[in-house]
Amino acid sequence: MKLIIFGPPGSGKGTYSSRLKERFNLEKISTGDIFREEVKKGSELGKKVEEYLKKGELVPDDIVIEVVKERIKNCERFILDGFPRTLKQAKALDKMVKIDAIIKINAHSEILIEKISGRRICSNPKCDGNYNIADIHKTIDGIEYILPPLLPKEDMKCDKCGSPLIQRDDDKPEVIKERLRIYEEQSKPVLEYYKRKRKNKIPFIEVWMNRPPEQVVEKIIEGLKNLGLVR
Ligand SMILES: [Zn+2]
C-alpha cells in the first residue's frame, strides 16, 4: 500500500499518518523529518539542506526528489507526508511508483487558526507536555466541528512536571495565517494536477478534520476499505 497524505498546518496530518503507520505497518516518509535528522547528524545532505533553510529558502526539487527516491526504493508500504510539494516533485514521483490513494484532510482556515492558537506547550525545555485550550463547537458550510480542548489538570500548569504552559511564537494568529497561505499556494497546483490527471488516475480519500484524531483516522480507514486497500 502506497499512500500520500495532504493537509494544511494544524489539520493533524502528522498524527493521522503515525496512527496509520502503526495500524498498517507502513513506513512514514516525511521529508521534513528526514531533513531535520540529516541536519542534526551533520551529514553531507544535512549541510546542504541547512544552507537553504538558513537563507529561508525551500530545499530545491532535485535534492528532495533524490532523497525520496532513495527512501522508497525498496519500500512496498509507505505513507508520504510533505511530499510531493511541487508539480516537478509530483511528476517525478509518477515515474518512481504507482500510488494507491491520496488522503486529503480538509478544514476551514477559521477552525485551523482557532485550533493552532489554542496550543500550549510546557515551558520546561526538557518536557514534551502539550495541551490545547481551544474548545470548538461550530458549524461552517454544513460541516459540524466538535473539537474538545486538551486541558491540564491544574490551571495552566503542565501535568507532567508542573511548569507553566506557554504559547509558541509560531502558533500566534499572524504567523498561522501566513503558514496557511503558503500551504494553499503550494498545494493547490499539486492537488489540481492529481485531480486533472486522466491516465493512471489516483483515487482521493477526502476527510474533514471535524472530530478528534481517533475519529478522523477511522474515517480515513473507511476510505481505504472502500478502495479495497485494507480489510
Ligand atoms: Zn512539563
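The values are calculated or read from the model by the stated rules, or taken from the named source; none is laboratory data. All of these numbers come straight from a predicted model, not from anything done at the bench. Quick reminder, even Gly has a Cβ in these numbers, built from the backbone with ideal geometry, and neighbours come from all protein chains shown.
At-a-glance table
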| read-out | value |
| --- | --- |
| Neighbours by Cβ (under 6 Å, 6+ apart or cross-chain): first from segment 127-148, of a type in the set (S, T, N, Q); second more than 16 Å from the ligand (Cβ to nearest atom) | Asn132/Gly118; Asn132/Pro149 |
| Checklist (1) under 11 Å from Gly10 (Cβ atoms); (2) β-branched (Val, Ile, Thr); (3) surrounded by fewer than 16 Cβ atoms within 10 Å (Cβ to Cβ) applied to Ile166, failing item | (1) |
| Any hit, segment 145-154, residues being exposed (fewer than 14 other Cβ atoms within 10 Å of the Cβ) and under 16 Å from Asn106 (Cα atoms) | yes |
| Odd one out for Ser123, checked against (1) within 16 Å of the ligand (Cβ to nearest atom); (2) out of contact with any Leu (no Cβ under 8 Å at 6 or more places or on another chain); (3) hydroxyl-bearing (Ser, Thr, Tyr) | (2) |
| Test: residue in segment 107-118 that is within 16 Å of the ligand (Cβ to nearest atom) and either farther than 26 Å from Pro212 by Cβ or among the hydrophobic types (A, V, I, L, M, F, W, C) (or both) | no |
| Extreme residue, farthest from Leu227 (Cα to Cα), among residues of segment 94-125 that are more than 18 Å from the chain's Cα centre (by Cα) and touching a residue at least 60 places away in the same chain (Cβ under 8 Å) | Asp94 |
| Filter pass, Glu70 being crowded, with 18+ Cβ neighbours inside 10 Å, more than 16 Å from the ligand (Cβ to nearest atom), free of Cβ contacts under 8 Å to residues at least 24 places away in the same chain and of a type outside the set (Ser, Thr, Tyr) | no |
| Any hit, segment 36-54, residues being more than 25 Å from Lys172 (Cα to Cα), at pLDDT 95 or above, away from the ligand (no atom under 16 Å from the Cβ) and touching an Asp or Glu at 6+ places or on another chain (Cβ under 7 Å) | no |
| Segment 17-52 - residue that is outside any helix (DSSP H, G or I) and within 19 Å of the chain's Cα centre (by Cα) and, of those, surrounded by the fewest Cβ atoms within 10 Å (Cβ to Cβ) | Asn25 |
| Residue that is farthest from the chain's Cα centre (by Cα) [pool: residues in segment 138-190 that are among the polar types (S, T, N, Q) and more than 12 Å from the ligand (Cβ to nearest atom)] | Thr139 |
